[in-house]
Amino acid sequence: MMRAFIAVDFDHDVKKNIVHVQQAVQNHATAGRWKQMDNFHLTLEFLGEITPGEMDRICLLMGEVAGRHVPFELCLGKIGFFKGRGVFRVVWLGIEGDQDALNALQRDVKDTLALLNFRDDNRFSPHITLGQDVKLDVPFEQLKDTVSAGKDLIYVRAFCLMDSRVIDGRRVYTPVKQFDLSG
Ligand code: 2AM
């Protein structure tokens, strides 16, 4: 079995820009668990545990999805959060740019996975997780106004099947299969 999800992986330069935003948030944090730079990604669908047989079927269908979409451009947006009890459960970086293309790709991934009985009732909320269980020494809105990402374009040319596992006590996300957008 493999713990898996479908995501857009970023190249090193984009991850470096995300780290700058994360550091600006960390400068005002009194608590938090922070994502490692290598692990920054944009999840399209979370799969959970899958068998080798399911992986083969998923790869086949994701290849077809990729063939129905053309590359598009995104950029990094503003920070936001998902609420927890007394903490910011997730502090994330949002996404701007060609949201229509991103949403169309995500919908196709989701609908296609539903054919394999992977069902997800969550509404897609594109975000890059920076940290979890975060506490801040300033109001979030104040931080939001001061922290901003560079507007460099992110060229989305592919998406990946990602493997999630703990190695030496550290969570590691690894792209196991890449699907190039070519539609
Ligand atoms: P997160 O970034 O908001 O934590 C790998 O764990 C990826 O799948 C992460 O992007 C994570 O979202 C997402 N994920 C993990 N568990 C999930 C779940 N049960 N439902 C939806 N997404 C999940």
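Computed values, structure above
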item: Number of the condition not met by Ile58 [criteria: (1) among the β-branched types (Val, Ile, Thr); (2) free of Cβ contacts under 8 Å to residues at least 60 places away in the same chain; (3) surrounded by 14 or more Cβ atoms within 10 Å (Cβ to Cβ)]; result: (2)
item: Top-ranked residue of segment 111-123 - restricted to ones that are within 16 Å of Thr43 (Cα to Cα) and more than 12 Å from the ligand (Cβ to nearest atom), ranked as surrounded by the most Cβ atoms within 10 Å (Cβ to Cβ); result: Leu113
item: Arg85, sole failed condition from (1) more than 16 Å from the ligand (Cβ to nearest atom); (2) under 19 Å from Tyr155 (Cα atoms); result: (2)
item: Residues that are in a strand (DSSP E or B) and among the β-branched types (Val, Ile, Thr), drawn from segment 23-51; result: Thr30, Thr43, Ile50
item: Number of the condition not met by Pro126 [criteria: (1) more than 14 Å from His41 (Cα to Cα); (2) touching a residue at least 24 places away in the same chain (Cβ under 8 Å); (3) in a loop (DSSP other than H, G, I, E, B)]; result: (1)
item: Unmet requirement for Asp108, which otherwise passes all of (1) over 30 Å from Asp137 (Cβ atoms); (2) surrounded by 15 or more Cβ atoms within 10 Å (Cβ to Cβ); (3) within 12 Å of the ligand (Cβ to nearest atom); result: (3)
item: Pairs with Cβ under 7 Å, 6+ apart, first in segment 145-164 and in a loop (DSSP other than H, G, I, E, B), second loosely packed, with under 14 Cβ neighbours inside 10 Å and not hydrophobic (A, V, I, L, M, F, W, C); result: Arg157/Asp180
item: Set Glu96, Glu141: member being assigned to a helix (DSSP H, G or I), more than 20 Å from Phe46 (Cα to Cα) and modelled with pLDDT of 95 or more; result: Glu141
item: Of all residues in segment 1-29 being more than 16 Å from the ligand (Cβ to nearest atom) and crowded, with 18+ Cβ neighbours inside 10 Å, the one that is nearest to the chain's Cα centre (by Cα); result: Asn17
item: Enumeration of residues in segment 137-183 that are of a type in the set (S, T, N, Q) and farther than 22 Å from Met1 by Cβ; result: Gln142, Thr146, Ser148, Ser182
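The values are calculated or read from the model by the stated rules, or taken from the named source; none is laboratory data. Keep in mind it's a predicted model, so treat the numbers as computed, not measured. Every residue, glycine as well, gets a Cβ built from its backbone with ideal geometry; the counts of neighbours run over all protein chains shown.
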